[in-house]
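> I am attaching a structure below and will ask some questions about it afterwards.
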Amino acid sequence: MPAFKITDTLPLPNSSVRIPRLGFGVYRSPTNQCVQSCLKALDAGYRHIDTAQFYANEAEVGEALRTSGVPREEVFVTTKILSPAASIEATYDKLLASVHKIGGEDGYVDLFLIHSSSSGSAGRKLLWQALEKLHAEGKAKSIGVSNFGVGHIEEMRSYAQVFPPHVNQIEVSNLAFNLFLFEFAIFVHDSDFVFSQLHPWSQQRVIDEYCQSNGIIVEAYSPIVRNYKANDPTLVEVAKKNGHSTQQVLIRYALQKGWVPLPKTDDPERIASNADVFGFDLSVEDMAVLDSLDQGSAGAIVEAVENE
Ligand SMILES: NC(=O)c1ccc[n+]([C@@H]2O[C@H](COP(=O)([O-])OP(=O)(O)OC[C@H]3O[C@@H](n4cnc5c(N)ncnc54)[C@H](OP(=O)(O)O)[C@@H]3O)[C@@H](O)[C@H]2O)c1
């Protein structure tokens, strides 16, 4: 009997808020498509949408929320901020702009994340303190981090009022590839950064275990590895055996690892099929086979997140 339902949620640490186990990502969902994709996702049963300031489609996510007919309190919406402004107040204003785009003047978001650890110690502290203010005012029901390693989270103990962060959104898959750093590097046009940060396959077990043992929810971004591994023979074999697509197997794998997968697609059929992962179980053997695809840090230039 399959263990999960699409309506299942997980508890956030030290909070009454619960997060839906499956999310819908909208990175690279263009503004002229994003509203339709979110509406289709809500229609297919997703109750969790993941956007960011960097994706430039927060307003479209907000429009979908308002027009869907689904009560606002039934949908969990996440956004992210990449870098701080000069002060806590100015950073808070940047956060508030997102809240307004998504929920209107009196709105809120369910989760607001620091998008990256790349702002340095002082920048991370500033971002967190601005997020704590938003959280205290109820405009962000929960707050967390993304692409943070163990050291980045431990550092927060010295100043955080809200600790641990409710969520760490990282690239955890059995076939992970550090796409965020790659894209961020392209974004800032820093070619040295691109080449020094490229990363081979890794499950990021250190940060995963740290988060799981501290109650921090691990969200899995790029859970289907952007479909780059659709023809991987081991994955294809597991998919054939289970009578499901490779994408469904990877999303199911993430669910069974205890992660919150955030698959993205703008294709209506794929939106539905990526959510059709609650009618089968991967066996212990299948999970072990997929686990065995991990290459750890062997051969890696750097870890996907820096844990020191
Ligand atoms: N925090 C971070 O730093 C960070 C970084 C990356 C991503 N994210 C979040 O995680 C979400 C997902 O990550 P992602 O977008 O990088 O990767 P992903 O979900 O692993 O893959 C998305 C890609 O796979 C294709 N695809 C989706 N379903 C498919 C299917 N059933 N069959 C074939 N192809 C399929 C999509 O194309 P079509 O749209 O054409 O179907 C898209 O190109 C993002 O949208 C974002 O919300 C966060």
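The values are calculated or read from the model by the stated rules, or taken from the named source; none is laboratory data. Being a predicted model, the structure only gives us computed values, none of them experimental. Reconstructed Cβ throughout: ideal geometry from the backbone, glycine too, with neighbour counts over all protein chains shown. For the accessible areas, the whole protein counts, side chains as well, though only heavy atoms, and no ligand, DNA or RNA atoms are used. Shrake-Rupley method; radii C 1.70, N 1.55, O 1.52, S 1.80 Å.
> Answer yes or no: is there a residue in segment 18-28 that is touching a Ser or Thr at 6+ places or on another chain (Cβ under 6 Å), open to solvent by 40 Å² or more (accessible area, probe 1.4 Å), assigned to a strand (DSSP E or B) and not β-branched (Val, Ile, Thr).
So far as segment 18-28 goes, yes, one or more of its residues are touching a Ser or Thr at 6+ places or on another chain (Cβ under 6 Å), open to solvent by 40 Å² or more (accessible area, probe 1.4 Å), assigned to a strand (DSSP E or B) and not β-branched (Val, Ile, Thr).
> Identify, please: which residue in segment 214-228 is assigned to a helix (DSSP H, G or I) and open to solvent by 60 Å² or more (accessible area, probe 1.4 Å) and is, among those, nearest to Val305 (Cα to Cα)?
Across segment 214-228, the extreme among qualifying residues is Arg226.
> Filter segment 214-242 for residues that are among the charged types (D, E, K, R) and within 30 Å of Arg18 (Cα to Cα); which is modelled with the highest pLDDT?
Within segment 214-242, the match that is modelled with the highest pLDDT is Glu219.
> Which residue is surrounded by the fewest Cβ atoms within 10 Å (Cβ to Cβ), if the candidates are limited to segment 93-142 and must be more than 19 Å from Gly62 (Cα to Cα) and touching a Gly at 6+ places or on another chain (Cβ under 8 Å)?
Among those that are more than 19 Å from Gly62 (Cα to Cα) and touching a Gly at 6+ places or on another chain (Cβ under 8 Å), it is Ser117.
> A further question on this structure: When segment 202-213 is examined, which residues are found to be in contact (Cβ under 8 Å) with a residue 60 or more places away in the chain, surrounded by fewer than 23 Cβ atoms within 10 Å (Cβ to Cβ) and within 11 Å of Val150 (Cβ to Cβ)?
Across segment 202-213, the qualifying residues are Val206, Tyr210.
> Related question: Keeping to segment 56-81, report how many residues are surrounded by 22 or more Cβ atoms within 10 Å (Cβ to Cβ) and either of a type in the set (Ser, Thr, Tyr) or within 8 Å of the ligand (Cβ to nearest atom) (or both).
Adding up the residues that qualify gives 3.
> Additional query: So in segment 215-238, with the set limited to residues that are over 16 Å from the mean Cα position of the chain (by Cα) and among the charged types (D, E, K, R), which one is nearest to the ligand (Cβ to nearest atom)?
By that ranking, first place goes to Lys229.
> Now, a different point. Can you tell me which residues in segment 49-61 are free of Cβ contacts under 8 Å to residues at least 60 places away in the same chain and either assigned to a strand (DSSP E or B) or out of contact with any Phe, Trp or Tyr (no Cβ under 6 Å at 6 or more places or on another chain) (or both)?
Ile49, Thr51, Ala56, Asn57, Glu58, Ala59, Glu60, Val61
> Considering only segment 150-178, how many residues are open to solvent by less than 20 Å² (accessible area, probe 1.4 Å), over 13 Å from the mean Cα position of the chain (by Cα) and at pLDDT below 95?
Going through segment 150-178 one residue at a time, the tally reaches 4.
> Mind checking which pairs have a first residue in segment 15-26 that is of a type in the set (S, T, N, Q) and a second that is surrounded by 24 or more Cβ atoms within 10 Å (Cβ to Cβ), Cβ under 9 Å, 6 or more apart or different chains?
Ser15/Ser142; Ser15/His166
> Give just the number: which of (1) open to solvent by less than 30 Å² (accessible area, probe 1.4 Å); (2) modelled with pLDDT of 90 or more; (3) farther than 26 Å from Ala41 by Cβ does Glu285 not satisfy?
(1)
> Just name the residue that is surrounded by the most Cβ atoms within 10 Å (Cβ to Cβ) out of those in segment 229-276 that are of a type in the set (Lys, Arg) and part of a helix (DSSP H, G or I).
Arg252
> What residue, of His135, His166, His152, is within 22 Å of Leu262 (Cβ to Cβ) and more than 16 Å from the ligand (Cβ to nearest atom)?
His135
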